[in-house]
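Readers should treat all values here as calculations from the given coordinates under stated rules, not as data from a laboratory. All of these numbers come straight from a predicted model, not from anything done at the bench. Please note: Cβ atoms are built from the backbone with ideal geometry, for glycine as well, and neighbour counts cover all protein chains shown.
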Amino acid sequence: SSMPDYDCNNPYKLTYSKNKKAIKKLTDKTAKQEAESAAVQNQWRNFTVSDTYVPGSVFKTFVASAALEENVVNLNTT
């Protein structure tokens, strides 16, 4: 639901091209139906709310700012 080509008026239409290609490669009809069902369920997930975000290097800025504000370090500290 957070993808730009997702259509709320047609929620069962697969929009993610990677999933479409993977499903087309399947030859077994039952496996194809299960994969398509799983792909539809997956595209309904709102990734921005459901998935975790690992801040990594972005968080270093906050730590440095807090250290400067609390006078734990100064601009000359290495």
### Query
What does the charge dipole of the chain about its Cα centre add up to, to the nearest 20 debye, if the Cβ of each Lys and Arg holds +1 and the Cβ of each Asp and Glu holds -1?
620 debye
## Note on the structure
So residue 50 and residue 25, fully extended at 0.36 nm per residue minus their Cα-Cα distance, gain in nm 6.1 nm
## Note on the structure
Plugging the Cβ-Cβ distance of residue 6 and residue 59 into 1/(1 + (r/R0)^6) at R0 = 30 Å yields, to the nearest 0.05, a FRET efficiency of 0.50
#### Entry: Dipole axis of the chain (+1 Lys, Arg; -1 Asp, Glu on Cβ), positive-most option in 50, 71, 30
30
